[in-house]
Amino acid sequence: MDYNIVKKPELKIVGKAKSFSFDEFVKDGRKFWKTYVGSRDYQSLYDLNGGKPGPIVNAPLLSAYFPKEDGSRDEFVDVLALEAEAGMDCSGFEVHTVPAATYAEFTCTYKSSMNTNRYIYGTWFSSTGYERDGSKPDIAAYFPIPFRSMSDMTVRWWIPVVGEN
């Protein structure tokens, strides 16, 4: 699978957060977020930027998967968010800081995103000289395609890494 190594500066994101165990997320995560995306709260979040891509992630919507303090992937905080910009009224939402990091960047579709994630963590890390930077969140940036099914939407995964191959 093709990937790029990219550096991203610190950024602020604003949105809704929920804690999940990994098993709970696999079972109920999509259902929970699908319900949220149909809510008035989500519409209020969307209205903050009107669907405009953020200047750093260049995507209108993203998920940040913050690990627990010990770096474990078994439990994490998932934030469905958009990039916060100066002057944005973020009241009513949670604001999180994504620290500057080096990421391995992968591109897939929403439909194939779980398989891509399994590949990254099951095969890719063991076949490269990279290790996951356990103190930083994974980021999934979403790029909707007008008049197309959500499963066709492009997803760009950024996995924080240290080391080199």
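What follows draws every value from the coordinates through simple rules; no lab data is involved. Note that the structure is a prediction, hence the values are computed from the model and not measured. Cβ sites come from the backbone with ideal geometry, for glycine too, and all protein chains shown count toward neighbours.
Give 16/136; 7/27; 18/68; 7/68; 7/34; 7/31 a once-over and call out the pairs whose C-alpha atoms are over 24 Å from each other.
Working: 16/136 18 Å; 7/27 32 Å; 18/68 13 Å; 7/68 22 Å; 7/34 30 Å; 7/31 32 Å.
Long pairs (Cα-Cα over 24 Å): 7/27; 7/34; 7/31.
Per 10 Å bin, what percent of the C-alpha pairs of the chain does each bin hold, from zero upward?
P(r) over the chain, rounded to whole percents: 10, 40, 38, 11, 1.
Could you work out how much longer the chain between residue 90 and residue 27 gets when fully extended? Use 0.36 nm per residue separation minus the Cα distance between them, nm to one decimal.
Values: separation 63, 0.36 × 63 = 22.68 nm, distance 3.01 nm.
Taking residue 90 through residue 27 to full extension adds about 19.7 nm, to one decimal.
For residue 88, what charge total do you get from the other residues with a beta carbon under 13 Å from its beta carbon, if Lys and Arg give +1 and Asp and Glu give -1?
For residues surrounding residue 88, the net value is -2.
Can you figure out the FRET efficiency of residue 75 with residue 5, using R₀ = 30 Å and their beta-carbon distance, to the nearest 0.05?
Numbers: r = 27 Å, r/R0 = 0.91.
Between residue 75 and residue 5 the formula returns 0.65.
With a cut-off of at most 12 other beta carbons within 10 Å, and DSSP calling the residue loop, which trypsin sites (Lys or Arg not before Pro) in the range 103-165 qualify? Please list them. Intermediate results must be reported in sequence, preceding the final value.
Values: sites: 111, 118, 132, 148, 156; in loops: 111, 148.
Passing sites in the range 103-165 are 148.
Taking the 0 to 90 degree range and rounding to the nearest ten, how far is the long axis of helix 40-49 tilted relative to the main principal axis of the chain, both from C-alpha atoms?
Rounded to the nearest ten degrees, it is 80.
Please work out how much length the chain gains when fully extended from residue 35 to residue 128, using 0.36 nm per residue of separation minus the C-alpha to C-alpha distance, in nm with one decimal.
Taking 0.36 nm per residue and subtracting the Cα distance, the gain is 29.7 nm.
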